[in-house]
Amino acid sequence: MTFDGRLISLAHLSMMEVTPVDLVRAAASAGYDSVGIRLVPTSDGIDHQVLGHPQRLAELRAALDDTGVSVLDVEVVRLKPEGPGDVRPLLEAGATLGARYVICTVEDPEPHRRVDSLAAFAALAAEFGIRANLEYMIFSACPTLTEALALLRLAGGTASVLVDPLHHERGSGRPEEVAGLSVDLLPYIQFCDATPAGPAADALTARSEAVLGRLLPGDGELPLGDLLAHLDPRAGISVESPVRGQRRPEDPAAWAVRALAATHRVMEGSSPGP
């Protein structure tokens, strides 16, 4: 159920080696509203082989139906110089699962081409009833919220933006930058913590930390409470906290409970939204 009016989702990266079906069941047991599902392989080769496997997709759909958990987002599409590749299988699977968003990143250094690429991808995703959600990271070609918002405007406003507090902080972002962004433009944020606060030393360090150097919300020094205080009160939270040693927890449900409780504590300590 929602907490303080906000939908709360469990992102797959929080326990990446857990199968999508087990992720859904852990999220349901812990009390999350939604999940985020990683449908394409990770850079280090984790592939749950849902795409191209109708039986596994059907089993995942059945788990969602059984538990009442919804799919907030699927990931990930990388907008590269040569384009995003064949994304239809991902979008078809996302539509089958009822996903509301598909996360994309920008890896094309050419400004005009990436505008066209984002606009085309967002239009294609919309055909499947899914909205493209642009995540900025300092180790991508779209490193900051300011640049992400500018890219969205140039692409015609057909996508939304995804704020990850770790990427925001490492790119010298400030919590107040999200103030005034509508829930349509910023429908939800990801949630994790890290130590120390402040910008990253370099992009390579930031990438390594993002994969497996995070902490549960409240266990680090990121200004999560300030971020929530400036966020639209209707925006949701996707708990994405890949803590070292927890990619495949012995008890996924217990780990999901712990992550949700940590999120609730931060939410309780933050000021009301605008």
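Since every read-out is calculated from the coordinates, none of them should be taken as a lab result. Because the structure is a prediction, the values reported are computed rather than measured. Here Cβ is always computed from backbone atoms with ideal geometry, including for glycine, and neighbour counts include all displayed protein chains.
Looking only at Cα atoms, what is the convex hull volume of segment 17-168 per residue, in Å³?
112 Å³
Per 0.36 nm of contour for each residue apart, how much would the distance between Ala197 and Ser29 grow if the chain were fully extended, relative to their Cα-Cα spacing?
Working it through step by step, the gained length comes to 57.2 nm.
Counting Lys and Arg as +1 and Asp and Glu as -1, each charge on the Cβ, what is the dipole of the chain about the Cα centre in debye, to the nearest 20?
180 debye
Among Ala235, His264, Pro252, which residue has its Cα positioned farthest towards the positive end of the charge dipole of segment 203-274, with +1 placed on the Cβ of Lys and Arg, -1 on the Cβ of Asp and Glu, and the dipole taken about the Cα centre?
Pro252
Viscosity 1.567 mPa s, temperature 4 °C: Stokes-Einstein D of segment 132-274 from its Kirkwood Cα radius, in µm² per second?
Reported coefficient: 84 µm²/s.
For Val163, enumerate residues with amide H under 5 Å from its amide H, sequence gap 5+ or separate chain, H modeled in the peptide plane.
Residues meeting the criterion, in which the H sits 1.01 Å from N, are Gln190.
Take Glu221 and Val257, extend 7 Å from each Cα along the Cα→Cβ direction, and tell me the distance between the two endpoints in nm.
3.3 nm
Using only DSSP helix segments of four residues or longer, with each worth -39500 (n - 2.57), what per-residue ellipticity at 222 nm results for the chain after dividing by its residue count and rounding to 500?
-11500 deg cm²/dmol
Taking the Cα centre of segment 1-122 as origin and charging only Cβ (+1 Lys, Arg; -1 Asp, Glu), how large is the dipole, in debye to the nearest 20?
160 debye
Please sort by residue number the GluC sites (Glu not before Pro) in segment 187-274 whose DSSP state is loop and whose Cβ has at most 13 other Cβ atoms within 10 Å.
Sparse-neighbourhood loop GluC sites (Glu not before Pro): Glu221, Glu250.
Scanning the chain for helices, which whole DSSP H stretches are 30 Å or more long along the axis (Cα) and average 1.6 or more by Kyte-Doolittle?
For the chain, where a helix must reach 30 Å along its axis and average at least 1.6, there are no hits.
State the extension gain, in nm to one decimal, for the chain segment bounded by Glu127 and Arg265, taking 0.36 nm per residue of separation less the distance between their alpha-carbons.
45.8 nm
Over all alpha-carbon pairs of the chain, lay out the pair-distance distribution in 5 Å bins, whole %, shortest bin first.
Per 5 Å bin, starting at 0, the Cα pair percentages come out as 1, 6, 14, 18, 20, 19, 14, 7, 2, 0.
What's the center-to-center distance, using Cα atoms, between segment 100-115 and segment 168-221 in Å?
Comparing the Cα centres of segment 100-115 and segment 168-221, I get a distance of 19 Å.
In segment 169-274, which trypsin sites (Lys or Arg not before Pro) fall in coil by DSSP and have 10 or fewer other Cβ atoms within 10 Å?
Arg244
Once fully extended, how much extra length lies between Ala150 and Asp184, figured as 0.36 nm per residue of separation less the alpha-carbon to alpha-carbon distance?
10.7 nm
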